[in-house]
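Reviewing the structure listed below.
The values are calculated or read from the model by the stated rules, or taken from the named source; none is laboratory data. Because the structure is predicted, anything quoted here is derived from the model rather than measured. For neighbour counting, all protein chains shown are included, and Cβ atoms are generated from backbone atoms with ideal geometry for every residue, glycine included.
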Amino acid sequence: MASSDTTTQTAMQKFIPPSIDCWKASDSSRIYTGEEIFDYMDGAGEIYRSYNFQKLLVQRYACPNQEEILIEVFDMGSARNAFGVYTYMQGRGTSVTIGQDGEYKMGLLCFWKDKYFICIRVEKENPQASKAIFDLGEKIARAIPTEGKRPDIVKHIPLNKYLEKSLRYFYRYEILNIHFYVADSNILNLNDSTEGVLVRSKKDSSYLLLAGYPNKEQTDSAYNSFLTHYMPDSKESGIVKTENEKWTTCTKEKNYFVIMFDVPTKEQAMISLETFKRRLP
């Protein structure tokens with residue numbers, strides 16, 4: 001069941017307008033916290049929980065002879081979590097200038113701002129409903145008073161060489177495996193104190209994984225773990241040809257661990273790795 005925490009509900013409710021055009025709130029908003037998210041969205045809640053989801057506000061709007069509009073405001077606890085969830089979703093629609101990043105596709109608007117990730121949707125898109133969705137999004141974005149800081153690790157990705165919409169930010173190996181399967185277990189030693197970025201190359205569709213660790217000791221441990229489990233027969237060279245006839249290579253630099261997956265040739269893998277390594281501080 002939804003939580004009855006009225007203080008929490010009031011704090012999030014201030015972002016939500018009571019009406020937009022002919023659409024009016026059709027019932028009271030509902031708040032879901034912690035494990036309650038599974039009461040609302042079943043298995044999909046695992047994604048949000050993997051980014052340390054805190055609370056979800058759900059508000060429905062009705063308009064005579066029109067489709068219902070649904071608003072979901074996720075309090076992710078921090079800007080890095082809100083950004084992470086957004087990157088998990090991005091790449092499915094057209095970029096829009098709402099919030100700090102936004103996308104729209106077929107009646108679904110998603111964006112993030114500060115520690116919040118917001119989805120506004122209508123089941124069957126039409127011009128009037130789409131306009132209301134954008135108006136709602138702009139009102140909500142303006143009502144959130146501050147912007148969140150993007151994770152610093154993202155600054156190291158040269159987006160002129162990589163597909164921006166392919167970028168995924170995470171710190172749990174379960175999320176990494178959804179986008180690019182590495183191993184059943186957490187061989188990169190990812191946890192809440194680490195962070196990772198996965199992005200795809202424009203040139204050859206290979207993947208770059210950049211992981212950041214709190215200190216050199218943890219970086220070394222993750223590096224050695226990856227070599228041991230992923231390329232046990234190539235630990236000395238740090239490069240291996242995988243079953244798909246492509247190449248994976250890796251290196252470490254201070255508190256960063258860099259892996260190139262699915263590079264077409266060995267030479268290209270080594271050049272790409274060394275080129276990227278020079279970008280790191």
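Descriptive notes on the structure:
- Filtering segment 216-248 to residues that are of a type in the set (S, T, N, Q) and within 14 Å of LEU188 (Cα to Cα) leaves GLN218, THR219, SER221, ASN224, SER225, THR228.
- The residue list ASP262, ASP233 contains one member that is in the same structural domain as PRO158 (by TED's automatic domain parsing) and closer than 21 Å to LEU176 by Cα, which is ASP262.
- Check on GLU164, under 15 Å from GLU195 (Cα atoms), assigned by TED's automatic domain parsing to the domain that holds PHE226 and surrounded by fewer than 18 Cβ atoms within 10 Å (Cβ to Cβ): no
- Residues that are of a type in the set (A, V, I, L, M, F, W, C) and under 15 Å from the mean Cα position of the chain (by Cα), drawn from segment 160-183: LEU163, LEU167, PHE170, ILE175, LEU176, ILE178, PHE180
Results for (1) of a type in the set (Gly, Ala, Ser); (2) in contact (Cβ under 8 Å) with a residue 12 or more places away in the chain; (3) part of a helix (DSSP H, G or I), shown as yes or no for each residue.
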{"residue": "TYR181", "(1), (2), (3)": "no, no, no"}
{"residue": "LEU190", "(1), (2), (3)": "no, yes, no"}
{"residue": "VAL197", "(1), (2), (3)": "no, yes, no"}
{"residue": "LEU208", "(1), (2), (3)": "no, yes, no"}
{"residue": "PHE226", "(1), (2), (3)": "no, yes, yes"}
{"residue": "THR248", "(1), (2), (3)": "no, yes, no"}
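- A count restricted to segment 217-253 and to residues that are modelled with pLDDT of 95 or more, more than 26 Å from the chain's Cα centre (by Cα) and basic (Lys, Arg) stands at 2.
- All told, ILE118 falls short of being of a type in the set (A, V, I, L, M, F, W, C), within 26 Å of ILE20 (Cα to Cα) and in a loop (DSSP other than H, G, I, E, B).
- Test result for PHE180, on the phi < 0 side of the Ramachandran plot, exposed (fewer than 15 other Cβ atoms within 10 Å of the Cβ) and not acidic (Asp, Glu): yes
- Each residue in segment 164-177 was checked for being out of contact with any helix residue (DSSP H, G or I) (no Cβ under 7 Å at 6 or more places or on another chain) and in contact (Cβ under 8 Å) with a residue 60 or more places away in the chain, and 3 of them qualify.
- The numbered conditions (1) among the charged types (D, E, K, R); (2) surrounded by 13 or more Cβ atoms within 10 Å (Cβ to Cβ); (3) modelled with pLDDT of 95 or more are all true for ARG142 except (2).
- Residue pairs meeting the criteria (Cβ under 7 Å; at least 6 apart or on separate chains; first within 19 Å of PRO127 (Cβ to Cβ), in segment 95-107; second charged (D, E, K, R) and assigned to a strand (DSSP E or B)): VAL96/GLU103; GLY107/ARG121
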